[in-house]
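Each remark here refers to the structure printed beneath this line.
The values are calculated or read from the model by the stated rules, or taken from the named source; none is laboratory data. Computed from a prediction, not measured in an experiment: that's the story for all the values here. Ideal geometry is used to build each Cβ from the backbone, glycine not excepted, and the neighbour counts take in all protein chains shown. Side chains included, ligands, DNA and RNA excluded: accessible areas come from the protein's heavy atoms. Shrake-Rupley method; radii C 1.70, N 1.55, O 1.52, S 1.80 Å.
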Amino acid sequence: MSNNPYSVLLVDDDQDVLDSYSYLMNISSIKSKAINDPTQALQYVSPEWAGVVILDMYMPQMHGLELLRMIKNVDERIPVIVITGHGDIPMAVDAVKQGACEFLEKPINPAELVTLVKQQLETRSCQVELQLQAEKSISSSLMGKSAHMAQIRKLVAQYALLDTHVVVYGESGTGRHSVARLIKDMMSKSEETEYSSLVLSATTTTDSIDNAIDKQQSYLLVLENLPELPEDRQRHLAQSLLARERSGKKNLRVVTIFDSEPEKYITRNQLLPELYYLLNQGELHVPPLRQRPDDIVTIFHYFLKLSCKKLSIPLPNVDSSYLTLLRGYRWPGNIRELRNVAELYAIGIVKLTGKERIYSQSESQLPLNDLIDDFEKQLIEDALFLYSGRVNDVANHLHIPRKKLYLRMKKHKIEKDNYKSR
C-alpha cells in the first residue's frame with residue numbers, strides 16, 4: 001500500500017486558494033494535502049495511492065499540463081481534476097484528452113467539487129483494491145523476489161484491469177505465455193473470458209485472421225510469430241483491429257508475443273509500425289533467468305516441492321554449494337530448463353555438480369565395460385535432459401564432436417526427441 005495518508009492532493013501556487021480548498025475538504029471529512037510548489041507533487045503519488053489530484057493549470061514553476069503528464073506516467077488511472085479560469089475551455093479539453101477525469105471552471109461550486117471528488121475517490125479505491133488483489137494472486141504464479149519480477153507482477157495486475165492490447169517480449173522459456181494467461185485470468189470481466197492463440201506464418205490467410213478476431217464472446221487472443229506474417233496480411237490485421245475499435249467493440253484483448261524487442265523487427269521491415277503501435281497499448285519485458293539470479297533458488301525450490309508432491313516422495317535436502325552452482329549457471333533454456341533440473345533432482349538425478357547417480361553394491365559388481373557403458377549412457381541422458389534434447393548444446397557440454405555424440409547415442413539406443421521440453 002502507499003505511504004501517502006492523504007485522499008486528495010491539492011496543487012495550486014495561490015496559497016489563499018489552497019486554504020479555501022483545504023477548508024472545504026476538511027469540513028467534508030476528506031483528508032487532503034495542500035502543495036503550492038507543483039515540482040513537489042510527484043512524491044505523493046504512486047500506483048498504490050487511492051487518491052485524487054486537484055490541479056490548477058497556470059503555475060509559474062510548472063504548467064498544469066506538464067504535471068498532468070507526469071502524474072499519468074506514474075499511473076494513468078490516477079484521477080486528476082483540472083481547475084481552469086474562465087475562457088480556458090480549449091486548454092481544459094486538451095487536459096481531458098491527456099487523461100484528466102474532469103475539469104471545472106473558476107469560480108468553483110464547492111458542492112459540485114466535493115461530489116466529484118467523492119465519486120472519483122470511490123472509483124480509485126476500487127481500482128487500487130482490485131490491483132492489490134490481482135498482485136497477490138499473481139505472486140503465486142510469477143515467482144521470484146527480484147526487482148524485475150516485482151515490476152512484472154505490478155504491470156500484469158495493471159494491464160489485466162485495463163481494456164488494452166499488450167505486447168510481451170522475451171526469450172523462449174521465460175514465462176511469456178504464463179504472463180498472457182495471467183492477464184486472461186485476471187481480466188475484470190462480468191462474463192467468462194475465453195483464451196485462444198494464433199501462430200502466424202507466411203501461409204496464414206486473411207480468413208484465418210478474420211476468424212481469430214471476429215468472435216462474439218469476451219476473449220483474449222495471443223498472437224505469435226507476427227514478424228513471419230507477410231506485409232499485406234499485417235496491414236489487413238491492422239485495419240481489422242482498427243475497425244473493431246471504431247465500432248466500439250470491447251470484447252477482444254490481444255497479447256502479442258515477441259522473441260526480442262519489437263522495434264528490431266520494425267527496423268528490419270518485418271513489422272508494420274502502424275500495426276505495432278496499435279497492438280502496443282502496454283508493453284512488458286520478461287527478462288531471461290540469467291539476468292535475475294536472485295529468482296533462481298526460489299523457482300528451483302518451488303518446482304522441487306511441486307515434483308515431490310506429485311510423486312508423493314519426501315522433499316530431499318539441497319546442498320548450499322549446489323544452490324550456488326544453480327545461481328552461477330547461464331540457463332539458456334530459462335525457467336523451462338530450471339524446471340527440468342528440479343524435476344530430475346526430485347528423483348535423485350543431480351545436475352550441474354559433476355555428481356551423478358550412485359551405484360548400488362549389486363551394480364558395482366558388474367563387469368567394468370558394462371559399468372563404463374552405463375555411466376556413459378547416464379551422462380548422455382542427463383545432458384539431454386539438461387538441454388531439452390538440443391544435441392549441439394549436449395555435445396558442447398560433454399566436450400565431444402557432435403558426430404561422435406550421435407554414434408554414442410545410437411550405441412545406447414537414445415532418442416533425442418524423448419528429452420525435448422514438454
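Structure values in brief
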{"quantity": "Matching entry among 410, 377 (being modelled with pLDDT of 85 or more and open to solvent by 80 Å² or more (accessible area, probe 1.4 Å))", "calculated": "410"}
{"quantity": "Sole residue being more than 20 Å from residue 124 (Cβ to Cβ), surrounded by 19 or more Cβ atoms within 10 Å (Cβ to Cβ) and polar (S, T, N, Q), chosen from 84, 39", "calculated": "84"}
{"quantity": "Answer from 304, 278, 284 - the residue that is within 20 Å of residue 196 (Cα to Cα) and assigned to a helix (DSSP H, G or I)", "calculated": "278"}
{"quantity": "Cross-chain or 6+ apart pairs with Cβ under 6 Å, the stretch 7-27 first and in contact (Cβ under 8 Å) with a residue 24 or more places away in the chain, then surrounded by fewer than 17 Cβ atoms within 10 Å (Cβ to Cβ)", "calculated": "7/31; 13/36; 24/110"}
{"quantity": "Meets criteria (surrounded by fewer than 18 Cβ atoms within 10 Å (Cβ to Cβ) and under 26 Å from residue 28 (Cα atoms)) for residue 129", "calculated": "yes"}
{"quantity": "Count - residues of the stretch 247-267 that are free of Cβ contacts under 8 Å to residues at least 24 places away in the same chain and open to solvent by 60 Å² or more (accessible area, probe 1.4 Å)", "calculated": "5"}
{"quantity": "Tally of residues being closer than 16 Å to residue 124 by Cα and either out of contact with any helix residue (DSSP H, G or I) (no Cβ under 8 Å at 6 or more places or on another chain) or charged (D, E, K, R) (or both) across the stretch 62-72", "calculated": "1"}
